[in-house]
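Colleague: The following block contains the structure, expressed as structure tokens.
All of the numbers you see were taken from the coordinates with simple rules; none came from a lab. None of the values given here were measured: they were computed from a predicted structure. Positions of Cβ are backbone-derived with ideal geometry, glycine not excepted, and every protein chain shown enters the neighbour counts.
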2 protein chains.
Amino acid sequence: MKIISFLFLLTVTAFSQHAEKKVFPDAKESDPELLRWMNGFPPAEEKTVRFSDGTFFMFPQLRWTVANFRQLMPTVRVSRGLEAPIPLPRKERSDIDDIEFTPIGSDQPMTWAASLMKNYTDGILVLHKGNIVYERYFGALKEDEVHAAMSVTKSFVGTLAAMLVFEGKLDTSKMVVDYIPELKESAYADASVRQVMDMTTGLKFSEDYSDPKAEIWAFGTAGNPLPKPKDYKGPRSYYEYLQTVQKQGEHGTGFGYKTVNTEVLGWIVARASGLSVPNLLSQRIWRRLGMEQSAYFTVDGIGTAFAGGGLNAGLRDMARFGEMMRNNGRFGEQQIIPQAAVQDIRSGGDKLKFNKSGINLSGWSYRNMWWITNNEHGAFTARGVHGQTIYIDPMAEMVIVRFASHPIAKNAAFDAYSLPAYHSLAKYLMQN
Amino acid sequence: MKIISFLFLLTVTAFSQHAEKKVFPDAKESDPELLRWMNGFPPAEEKTVRFSDGTFFMFPQLRWTVANFRQLMPTVRVSRGLEAPIPLPRKERSDIDDIEFTPIGSDQPMTWAASLMKNYTDGILVLHKGNIVYERYFGALKEDEVHAAMSVTKSFVGTLAAMLVFEGKLDTSKMVVDYIPELKESAYADASVRQVMDMTTGLKFSEDYSDPKAEIWAFGTAGNPLPKPKDYKGPRSYYEYLQTVQKQGEHGTGFGYKTVNTEVLGWIVARASGLSVPNLLSQRIWRRLGMEQSAYFTVDGIGTAFAGGGLNAGLRDMARFGEMMRNNGRFGEQQIIPQAAVQDIRSGGDKLKFNKSGINLSGWSYRNMWWITNNEHGAFTARGVHGQTIYIDPMAEMVIVRFASHPIAKNAAFDAYSLPAYHSLAKYLMQN
């Protein structure tokens, strides 16, 4: 039996060079409602999206899948609890669609509204001073449904870890093996918790999907919840896989974006807190922000949540989290995350180490699983493949959350139509 | 690869004669919290519960699984919507635990409290005149978690169908094939919708698990969401399986409890309403009763909900549904289900046809996927394997909902400790 890997969730590197050059149907042509995936009783064969044959992550089926992961694989809930949701105040404005910005590498202006289609946006919400000023849904997403957050998940795990650090329950100067002795034969044997949190580990771990020998494939196979083939001898869970990761280069010298670091951090967070990542996220965040919907994680064959990319959540709930981060960990009258933890994220990581990664985000850095733009507004962001985003601009008192299903995985393929749009909107909101 | 069948969910017949004679650890000894299933990061090998190896439905692992199905297989949500839950009023009383009743076939009295342990109760709630008078949680269930409803699911599907009938969207006198032409080569070719709703079809379909050739195995294999083995030639979904069901005897002559009837009814309900069973249940019931938690169904490999036994829901939400049924379809100020539909259920089915089934529930009948006791209180009930129950006593203005994880599947094995307890409580509440 073919094991389908979780390639799609795991990285900001490209699907393949090929994918970038391919011409895809545009957002309207690929609309999952229009294409009627999984529609009918039963759906027609050619409209059926399956996990086992890999169709679920092909484009344009992907545009249905992003809002329906739980129908394809086992998941674990992040409970909102039973209390009434706390509504976000609303001051919608009609002028945002017409705001213009200039895409990177272009000399033609583009409107905000046009950028949403260009980016295959499924849902986008803008908070300004805590009020919803803009909210739109497209594709398979509805206001009362959840969407895959992909690697935005990493920033949730990094925030939980930073919280534990400033509560004295996790020591970043300690070694990984002080918390996870099982990793003593792996690359993590001589890595510190801090190096994992900032992804400055030196690992033999390629997330290059165009290479069939890339380690990302074995990682995906280990974490795949389907039964393994009879002759399969490899690791059978995320945790088993992590014990096989080998070192390459030195730890602490440069930033290297590797999903396995977040899996290790999720493991550390669980050991340090005594709660699984989904349960800790529920107790400390999801039950405390008046969330409208319970969220969920995909899990491996022994029920471990995919810390590197498995979160699925509602758009407005993502906005609540972003707003809490903008307010230095406060939400309403409550301090949810220690202010020092949020400050530690916002102050960013080592820019020189970041530059060594070769990622084309000039002047940025990476800290506690967050991307720090170091721009003049102090913006920081959570990023996931296919366009998932939390973008927080403290100076503009603005939070943007976006779910998307772009045919190309890596954000680099469409940052040109997003990052300048966000920054232009921030400047506009400060003036208008 | 071994395909694990969904045997467990499907029937009120016994696991096996063997199981009935086996001595199982009692409720305390088998407590899933005590046994620490899936506890730790990762859980120890001997504490790991898996879908693929069948451990999930072995006893006592089953006691963990009943509250965690979604961690083992794909599911689809029954959304509660985004509104605030409507609290059930509460007038708890302390005298219920000491109420005594005499189990069937015994001459020794037993207390209500003792019966809960005897029945491996995971959660039980009693409403009297709409107030919560008693609520307890045990085992793996918490007030903010959901539990498998097993065949209680059937009564939800039957209620939806009855609703459509009295709204003029479904005609019980029509033939099944008028709605589902795909069934024209099956046993359902000459069955009416009414015969399906009351399970009076004549089918070659055994749910006897002690027979390895019983049709229930092929049904479970078809509905199993895991990929099929390469050499597998059989049906690949619930709907494909239903097309293979063969006739045995005549339709309309006797009651025969067969899960496939509910699968057919779910298909009819979807076609007649244009909505899947989970979506119709959400729109017409889950979003309208102030539910505290979204529910979910397990699904097959093409995303079809298991209408015969796949619902998982919160205990208090089950109570809200039961209370609505007690009030002839009203909940608060709203008529949720047509009063005539509830009356049609409560007035019951043909007792003579019921008697032909050989089920040891003297004087009972079956109507629209509900069990009607025809006792002096007019009680009617929804029943699922391992002890799942909604028990509605209109005369006593009482609703009991119970989730359980009894080691034996069929209710007949423990009705002796449940039915007289419910009736004694009803009489007590009418007098005290």
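Colleague: Any idea which of A:Pro338, B:Tyr120, A:Leu203 is furthest toward the positive side of the dipole for the protein assembly as shown, if Lys and Arg beta-carbons carry +1 and Asp and Glu beta-carbons -1?
Modeller: A:Leu203
Colleague: Once you treat every alpha carbon in segment B:239-356 as an equal point and sum by Debye, what is log10 I(q)/I(0) at q = 0.14, 0.16, 0.17, 0.22 Å⁻¹?
Modeller: So the normalised log intensities are -0.76, -0.96, -1.06, -1.35.
Colleague: Do the sum for the protein assembly as shown: with -39,500 (n - 2.57) for every DSSP H run of n ≥ 4, divided by all residues, what is the mean residue ellipticity at 222 nm, to the nearest 500 deg cm²/dmol?
Modeller: Counting only the DSSP helices, I get -7000 deg cm²/dmol.
Colleague: Could you list, bin by bin from short to long, the percent of Cα-Cα pairs of chain A in 20 Å steps?
Modeller: Spelled out bin by bin, chain A gives 27, 62, 11, 0 percent.
Colleague: Taking the Cβ of B:His377 as the center, what net charge do the other residues with Cβ under 12 Å away carry, scoring Lys and Arg +1 and Asp and Glu -1? Each step should come with its number before you reach the end.
Modeller: Numbers: positive: B:Arg326, B:Arg346, B:Lys427; negative: B:Glu376, B:Asp393, B:Glu397.
Net of charged neighbours comes to 0.
Colleague: Okay, moving on. Could you work out how far apart the two model spin labels at A:Glu46 and A:Arg93 are, taking each label as a point 7 Å from the Cα in the direction of the beta carbon, and quote it in nm?
Modeller: 4.7
Colleague: Can I ask one more? Rounded to the nearest angstrom and ordered from largest down, what semi-axes does the equivalent ellipsoid of segment B:263-422 get from its C-alpha gyration tensor (root of 5λ)? All intermediate terms of the calculation are to be shown ahead of the outcome.
Modeller: Working: eigenvalues 118, 75, 58 Å².
Three semi-axes, in Å: 24, 19, 17.
Colleague: Taking each label point as 7 Å beyond Cα in the direction of the beta carbon, state the distances from A:Gln334 to the same residue in the other copies, shortest first, in nm.
Modeller: When each copy's label point is compared with this one, the spacings are 2.7 nm.
Colleague: Could you quote the convex hull projected area for segment A:167-261, Cα atoms only and averaged over all directions, in nm²? Please list the in-between numbers first.
Modeller: Working: hull surface 28.6 nm².
Result: a mean projected hull area of 7.1 nm².
Colleague: Which of B:Glu376, B:Glu263, B:Glu292 ends up with the largest GNM mean-square fluctuation for chain B, with Cα atoms connected below 10 Å?
Modeller: Highest fluctuation of the listed residues: B:Glu376.
Colleague: Additional query: Identify which of A:Asp350, A:Asp98, A:Asp198 has the largest mean-square fluctuation in a Gaussian network model of chain A, with springs joining Cα atoms closer than 10 Å.
Modeller: A:Asp98
Colleague: Now for a different question. Per 0.36 nm of contour for each residue apart, how much would the distance between B:Glu376 and B:Met430 grow if the chain were fully extended, relative to their Cα-Cα spacing?
Modeller: On the way: separation 54, 0.36 × 54 = 19.44 nm, distance 1.33 nm.
Result for the pair: 18.1 nm of gain on full extension.
Colleague: Treat each spin label as a single point 7 Å out from the Cα along the C-beta direction, and report the A:Gln343 to A:Ile86 distance in nm.
Modeller: Between A:Gln343 and A:Ile86, the simple spin-label model gives 2.3 nm.
Colleague: Please state the charge dipole magnitude for the protein assembly as shown, taken about the Cα centre, from unit charges on C-beta atoms (+1 on K and R, -1 on D and E), reported in debye and rounded to the nearest 20.
Modeller: Details: 96 positive and 92 negative charges, 77 e Å.
Dipole of the protein assembly as shown, to the nearest 20 debye: 360 debye.
Colleague: Another question, then. Within the set of other residues whose C-beta is less than 12 Å from the C-beta of A:Arg326, count the net charge using Lys and Arg as +1 and Asp and Glu as -1. Mind dumping the intermediate values first?
Modeller: Numbers: positive: A:Lys129, A:Arg320, A:Arg330, A:Arg346; negative: A:Glu323, A:Asp393, A:Glu397.
Within the 12 Å Cβ shell, the charges total +1.
Colleague: GNM, chain A, Cα, under 10 Å: largest mean-square fluctuation among A:Ser106, A:Ser405, A:Ser357?
Modeller: Answer for the Gaussian network model of chain A: A:Ser106.
Colleague: Next question. How many nanometers, to one decimal and shortest first, lie between the label point of A:Lys233 and those of its other copies, if labels sit 7 Å from Cα toward Cβ?
Modeller: 3.5
Colleague: About the Cα centre of segment A:153-267, what is the dipole size in debye to 20, counting +1 per Lys and Arg Cβ and -1 per Asp and Glu Cβ, all else neutral? Each step should come with its number before you reach the end.
Modeller: On the way: 13 positive and 15 negative charges, 53 e Å.
About 260 debye.
Colleague: How big is segment B:284-352 by Rg and Dmax over its Cα atoms, in Å?
Modeller: Just the Cα atoms of segment B:284-352 yield Rg and Dmax of 14.3, 41 Å.
Colleague: Please find the FRET efficiency linking B:Lys204 to B:Lys233, where r is the Cβ-Cβ separation and R0 is fixed at 22 Å, and quote it to the nearest 0.05.
Modeller: On the way: r = 20 Å, r/R0 = 0.89.
My answer for the efficiency is 0.65.
Colleague: Still on this structure: So, in Å, what gap is there between the alpha-carbon centers of segment B:212-259 and segment A:61-128?
Modeller: 43
Colleague: Continuing with the same structure: What are the equivalent ellipsoid semi-axes of segment A:76-167, built from the alpha-carbon gyration tensor (square roots of five times its eigenvalues), in whole angstrom, biggest first? Mind showing how you got there, number by number?
Modeller: Working: eigenvalues 174, 71, 47 Å².
Equivalent ellipsoid semi-axes, largest first: 30, 19, 15 Å.
Colleague: Multiply the residue gap between B:Gln243 and B:Arg330 by 0.36 nm, knock off their C-alpha separation, and tell me the result in nm, one decimal place. Let's see the in-between values first.
Modeller: Working: separation 87, 0.36 × 87 = 31.32 nm, distance 3.72 nm.
Here the answer is 27.6 nm.
Colleague: What does the charge dipole of segment A:207-347 about its Cα centre add up to, to the nearest 20 debye, if the Cβ of each Lys and Arg holds +1 and the Cβ of each Asp and Glu holds -1?
Modeller: I would put it at about 340 debye.
Colleague: For the protein assembly as shown, evaluate the Debye formula with one uniform point scatterer on each Cα (no solvent term) and list log10 I(q)/I(0) at q = 0.10 Å⁻¹, rounded to two decimals.
Modeller: Listed by q, the Debye log ratios stand at -1.09.
Colleague: What is the sum of charges, Lys and Arg at +1 and Asp and Glu at -1, for the other residues whose Cβ falls under 12 Å from the Cβ of A:Glu45? Mind showing how you got there, number by number?
Modeller: On the way: positive: A:Lys47, A:Arg50, B:Arg236; negative: A:Glu46, A:Asp53, B:Glu240.
That works out to 0.
Colleague: Right, next: Which loop-located trypsin sites (Lys or Arg not before Pro) does segment A:188-294 contain, where loop means any DSSP state but H, G, I, E or B and the Cβ has at most 12 other Cβ atoms within 10 Å? It would help to have the intermediate numbers written out before the result.
Modeller: Details: sites: A:Arg194, A:Lys204, A:Lys213, A:Lys230, A:Lys233, A:Arg236, A:Lys247, A:Lys258, A:Arg271, A:Arg284, A:Arg287, A:Arg288; in loops: A:Lys213, A:Lys230, A:Lys233, A:Arg236, A:Lys258, A:Arg287, A:Arg288.
Taking segment A:188-294 and a limit of 12 other Cβ atoms within 10 Å, the loop trypsin sites (Lys or Arg not before Pro) found are A:Lys213, A:Lys230, A:Lys233.
Colleague: Suppose each label sits 7 Å from its Cα in the direction of the beta carbon; what would the A:Lys351-B:Asn39 distance come out to in nanometres?
Modeller: Simple spin-label model gives 5.1 nm for this pair.
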